[in-house]
Amino acid sequence: MHDVQSAWVYILRCADDMYYVGSHRGPDPTARVAEHNAGLDPMAFTYKRRPVKLVWAGEFQFITDAIAFERQLKGWSRAKKEAVIRGEWEALPGLARCRTPRPSTSSG
């Protein structure tokens, strides 16, 4: 038995085809997925989008790293999340989207 619990970041596919990104501390994320499907919190994002299905999970040694990656992943586009689900990490830089318009380079 380990003294340190694993930390997980996971992606769920909801019944309405939306993705939900979350984190969990424990031996594996399946217990947390079961909680989402049980609908314990009527205010939760997944409550009206059940059933949910676990489509990706990544394990982290430290909860702080898991929370940081969860926040990053939540800000990513659907295309980037789907690349993670497929394990296509090398595709991520090409899927990055520019959030600020670039200035014009016309000379005048």
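Rule-based calculations on the coordinates, nothing more; no lab input. Note that the structure is predicted; figures quoted are calculated from it, not measured. In this analysis, Cβ positions are derived from the backbone assuming ideal geometry, glycine residues included, and neighbour counts consider all displayed protein chains.
Hey, which lysines would be in cross-link range of Lys48, C-alpha to C-alpha under 20 Å, not counting anything within fewer than 8 residues on its own chain?
Lys74
Mind checking the full-extension length gain between Gln72 and Gln5? Use 0.36 nm per residue of separation minus the Cα-Cα distance, one decimal, nm.
Roughly 21.9 nm would be gained on extension.
If you rank Met18, Met43 by fewest surrounding Cβ atoms within 10 Å, what's the result?
The order, fewest Cβ neighbours first, is Met43, Met18.
Divide by every residue of the chain the summed helix terms, -39500 (n - 2.57) for each DSSP H run of at least 4, and state the resulting mean residue ellipticity at 222 nm, rounded to the nearest 500 deg cm²/dmol.
The helix contribution divided over the chain gives -8500 deg cm²/dmol.
Tell me the angle of helix 63-74 to the major Cα principal axis of the chain, expressed in degrees between 0 and 90 and rounded to the nearest ten.
50
Projecting each Cα onto the charge dipole of the chain (Lys/Arg +1, Asp/Glu -1 at the beta carbon, about the Cα centre), which of Ala31, Tyr20, Gly87 comes out farthest on the positive side?
Of Ala31, Tyr20, Gly87, it is Tyr20.
Subtracting the Cα-Cα distance from 0.36 nm times the residue separation, let me have the gained length for Glu35 to Ala15 in nm, one decimal.
5.7 nm
Test of understanding: what is the full-extension gain from Leu92 to Ile63, defined as 0.36 nm times their sequence separation minus their Cα-Cα distance?
Using 0.36 nm per residue and subtracting the Cα-Cα distance, I get 8.1 nm.
Rounding to the nearest 20 debye, state how big the charge dipole of the chain is about its Cα centre with +1 on each Lys and Arg Cβ and -1 on each Asp and Glu Cβ.
In total the dipole reaches around 560 debye.
Using the Kirkwood radius over C-alpha pairs as Rh, can you work out the diffusion coefficient of the chain via Stokes-Einstein at 4 °C, viscosity 1.567 mPa s, in µm² per second?
The Stokes-Einstein estimate is 84 µm²/s.
Once you've got the GNM for the chain with C-alpha springs shorter than 10 Å, pick whichever of Thr30, Thr64, Thr46 has the biggest mean-square fluctuation.
Thr64
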